[in-house]
1. Could you please rank A:166, B:178, placing first whichever residue has the fewest other Cβ atoms within 10 Å of its Cβ?
2. GluC sites (Glu not before Pro), restricted to the range B:386-419: which are DSSP loop and have at most 13 other Cβ atoms within 10 Å?
3. Taking the Cα centre of the range B:538-665 as origin, work out the dipole magnitude from +1 charges on Lys and Arg Cβ and -1 charges on Asp and Glu Cβ, in debye rounded to 20.
4. With the crude spin-label approximation of a point 7 Å out along Cα→Cβ, what separation in nm comes out for residue B:520 versus residue B:275?
5. Quick one: grab the alpha carbon gyration tensor of the range B:431-507, order the square roots of its eigenvalues as a ≥ b ≥ c, and give me rounded if a/c is under 1.5, else prolate or oblate depending on whether a/b is larger than b/c.
6. Return B:480, B:490 ranked ascending by Cβ neighbour count within 10 Å, so the fewest neighbours appear first.
7. Longest segment of chain A with no trypsin sites (Lys or Arg not before Pro) in a DSSP loop having at most 13 other Cβ atoms within 10 Å?
8. Between residue B:683 and residue B:424, with labels modelled 7 Å along Cα→Cβ, what's the label distance in nm to one decimal, could you check?
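What follows draws every value from the coordinates through simple rules; no lab data is involved. Bear in mind that the values here come from a model prediction, so they are computed numbers and not experimental data. Here the Cβ is made from the backbone with ideal geometry for all residues, glycine too, and neighbour counts use every protein chain on show.
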Amino acid sequence: MSDTVSGLLTIAVLVAALAAAHVPLGSWMARVFTDARHWRVERLVYRLCRVDPSSEQRWSTYAVAVLGFSVVGVVLLFTLIALQGVLPFARGATMNLDTALNTAVSFVTNTNWQSYAGESGTSPLVQTLGLTVQNFVSPAVGLAVAVALVRGLARSSGAEIGNFWVDLVRGTVRVLLPLAVVGAVVLLLGGVIQNLASPTEVTTLSGGSQVIQGGLVASQEAVKELGTNGGGYFNANSAHPFENPTAFTNLVEIFLLLVIPFSLPRTYGILVGDRRQGWTVLGFMATLWGLMVAAVTWAEVSAASGPLGGLEGKEVRFGVWPSALFAASTTGTSTGAVNSMHESYSALGGGGALFSILLGEVSPGGVGSGLYGALLLAVLTVFIAGLMVGRTPELLGKQVGRREITLVALALLVMPSLVLVFTGIGMVAPLVSSQMLASGPHGLTEVMYAYASAANNNGSAFAGFSADTPYTNLTLALCMFLGRFVPIVLVLALAGSLVAQRRRPVNAGTLPTHTPTFAGLFVGVAIIVAGLTFFPALALGPLAEALS
Amino acid sequence: MTPSPTTTPSSPDATAPHVGGAHGGSTHRRGDSVRETSLIRSGKALSLGTLARQLVATFPEAVRKLDPRHVWHSPVVFVVWIGSLLTTVDAVVDPSWFAWSITVWLWATVLFANMAEAVAEGRGKAQAATLRATRTTTTAQRRRADGSVEAVAASDLTIGDVVVVRPGEVIPGDGDVVEGMATVDESAITGESAPVIRESGGDRCAVTGGTTVLSDGITVSITTRPGETFIDRMIALVEGAARQKTPNEIALTILLTTLTIIFVLAVMAIQPLAIYSGQEQSVVVLVALLVCLIPTTIGALLSAIGIAGMDRLVQHNVLAMSGRAVEAAGDVSTLLLDKTGTITFGNRRASELLAAPGLPGVEVTEAAYLASLADETPEGRSIVELAGRGLADETRARLDGVRREGAVLVEFTAHTRMSGIDLQDGTAVRKGASDAVCRWASDHGGGVPSGVLTEVAGIASSGGTPLVVASMQPGEPARVLGVIHLKDVVKPGMKERFAQLRAMGIRTVMITGDNPLTAQSIAAEAGVDDFLAEATPEDKMALIKKEQAGGRLVAMTGDGTNDAPALAQSDVGVAMNTGTSAAKEAANMVDLDSDPTKLIDIVSIGKQLLITRGALTTFSIANDIAKYFAIIPAMFVVLFPGLDALNIMGLSTPKSAMLSAVIFNALIIVALIPLSLRGVRYRPSGSTALLRRNILVYGLGGVIAPFIGIKLIDLVVSHLPL
């Protein structure tokens, strides 16, 4: 079987599996967030935390809860990492304070940028009590915010957009935990390791000695992908044979990282009472994902047929197609796990992965964050398209007025500002440029990729760029924090502004947001907004490299 | 206004039928009425020659508007202004033809933006000047409490003053007629030369300051303070002095500002990247790139579009009291239309004469003719016309002669509900409401044939009005002769207009005082979506509130004082200029032509305003793609020769590429001024079709046009001997 045929078959199997899974999962999530009853274990949590699950919150209260929960998360995780040396199971793991802060912010913001080497930087205690906990709750936060925004669109009176604690607990207990268990078992069957054994010292073929770490890998691997986290147990991430041993586990991992983001549009359609709206968002995400997979695969396959070959930085057990598929999917979902080194991709292939991040993580985006990111762009599209049909723009009967467009504009402004400002500083600040591996356009891409990855909460690294310095650790942490929480607060404010509006009835003059025309414009707006913002920078990075 | 809107008296200036296919903002042209003094004069045609002259004329104003305090109002233009200043400094410090060319064209960009605004304002100013000319200082004859009259300046009048206005005098202020009746020349405001009647009481009591009394005298109670009169407000409105940004305009400005910030960041980030790459960029080049990227086209034209939108309404002789109302008009989803005068001609016409069973047709025809001779109402005249056609010339001459022979006319009264004539030989002829005439006949010994009652019921159930005709010879019992079928005639073309509105997503509701049966019949004939029969002002109000509770925006017209609450409640309330001052006060628009059909045009203009903004925003952003392909390779082609692959337009040199992009960016503003003043073409259609068309024209067109434009300019620039 040729690479092309097997590659296309892999994609076909993946798409079929996603198509089959998104229906029950999307419907299940819609039920989870509207269910009137609480599970026993949930009631226990509410009682322990003294939360009244029946009371709902206004957007500001909701936002304070999200921020409070996350800041406390950062503080706890930072303390845990800083103190890991004196806590049990230390195994000699240590981390600088700036790296510790970077790591704490990274895992709480669902970025999972790793300035440290996974297996040696953190003790099993930190991995289990700190990182794994955040691997579950940080996507649950994204899910909660997305659901709150959808409630803003779906409800037509009142000021409440749900209860953050209930949404958080349900997202964790009813969605992420069960799926992670299933995913872990499948990965375990596929050969991913799961043990508590001490490190094994082996003698290599060349006679040297190597310490091989074991650990609870399969369980972390499942939620790493499922929660679009991306922080690997091992430094090599999903390129490591213990994390991702075969083509089968590779496919399973890609499936896991895409399945929740691609199911959420259905949840959205059900919650707003119009399935067609969900189809539009799904079509939008799928089109962008398809385009990026096609672009990266095309670039890598072209490069592979060139004189240098295309396998540098890729695992031979996967090959070009599954590596490119993984790269486009992980950058499009804000996961950031990697099964190959993006630094070694061809200029256009690496540029494609970078552009996939710069789209703002909407193809299909992270758990929750993909949906609210897409909805922000939908509001923007509605605003422009709505004017063109001669009406005050409205999405699902909710008017997009001054307040709404201000919130959307600010939310969409955050990420480009962070990426452009810090990349700009980085290119002329010696303490950044000295950390680059490459020079010329490729070096520029390294730095831009790092800040794009942080500001978009992706977490994948272009490698090459050594980011473990105080300056980069702190600026990247700042990008991750602002890139995550400023949009979240603005999205919740938008939800609060939408929920108070009465839904206007649909008539022939209303701009339908479920037609192919609208969906096409929707995709166009996403590409043009990102393209126009980053074209000059991309021209000096990947484009200059590719065309020289 | 009486509880039944259908009986609204049609004043002479309200009956001008305004119907027909001409529909939609820019294509709208009034019919044959020549309005020399009208407001529409100044904006009638917009030929290129006129526009060029207007542009040149506004140059001094555009230069004055370079004041940063003014430019600040448009953030996008303000950024261009700052950029121009930076390049000027750079060009002075380090002169080169390139730096100066860019600088000149950047200032031209700001000037063009100012010109667009100045042209739009200039048209309003011309209208304001016409109005101002009528607002001469007048002397008012104020009546003191003791009844004597004193002369005071019109500007000294306050609310509640009572003034006496005699023929030939100008009414000193807005007010209501409290005594008398007069013909008034209102051409100063409406452009309509035919005088109108103003009288105390009823719905025609409002007079406007600045209009002239032609005959008779009236006493007016002043209702507005000087400086706040209708004409003052009109002047402020058309001049744009009272112009405030509308909600959608503010929202769009926020979006444009955000885009500008993103591009400022993107361009600022280029410099460190360029330094790293080894080719620092000059300030001129960076500013040129920035100005090309930020949405200057829409930023420059935004206020012109808003002013022109208000202006288009004025050309339709509609005054909007706020821009907000114009925008709301585009959002309207329910239109309440009074039946009378809007959907139908407003007066019922005789369509058929039915003889009672067994009687010759000529008898009822003659009787109907006789009974209506004295009836000067439109209904009466239509009976005379219809019956006259069925009579021989000599018969008609004989009947016409009865008045000279001393016949006595019997006027219609609300009590008797019939009218007629008593001939000298003692014959009495009556026509009127069926029950009244039938009672009259039986009171005078006559019977009512059952066939007549069947006809009456048949006509009533078909939505018509039956009038029964009876006569009585002296010494004989009265006889019922037959029935006249009066019909409300639907104006031609209404059905098509309602179909268009339906396609636009607007539901039409006909409001009528008729009974449900009649209403249903007319509603079906006119093709409205719904109707409200036997409507009282309270019913109307309840309907508006119900629609609004469902999230729909409601537009309506009205002229009576009892319409005022509903006008105030509706989102778009259009008062007829012939209406009372209470109605005008409550409404947010006033139609000077007092043509209720105008509502449909107002909706179109509101939509057109929003579409023009959206289309030019899309065009502006789509333009950026070509500009990137012109400028980015030009900036870095020396450093990375491979980037020449991005120079897909094949522009001759880096400098001419950048200059061409800047020139295109400036000229496109001028090229789009006519479009922004006129508004984009709007044909009522469903939203998806509209969206597809506008994306194709302004989105795709906006992507392609600059590729061609920049290439052409480059061809010229590269051949200049520089």
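1. Working: A:166 23, B:178 15.
By the 10 Å Cβ count, ascending, the order reads B:178, A:166.
2. Numbers: sites: B:394, B:405, B:411; in loops: B:405, B:411.
Qualifying residues, ordered by number: B:405, B:411.
3. Numbers: 10 positive and 13 negative charges, 124 e Å.
It comes to approximately 600 debye.
4. 8.2 nm
5. Values: a/c = 4.90, a/b = 3.88, b/c = 1.26.
Note, shape of the range B:431-507 comes out prolate.
6. Values: B:480 26, B:490 18.
Going from least to most buried by this count: B:490, B:480.
7. On the way: sites that count: A:37, A:50.
For trypsin sites (Lys or Arg not before Pro) (loop position, at most 13 other Cβ atoms within 10 Å), the longest site-free span of chain A is A:51-548.
8. For residue B:683 paired with residue B:424, the spin-label model returns 6.7 nm.
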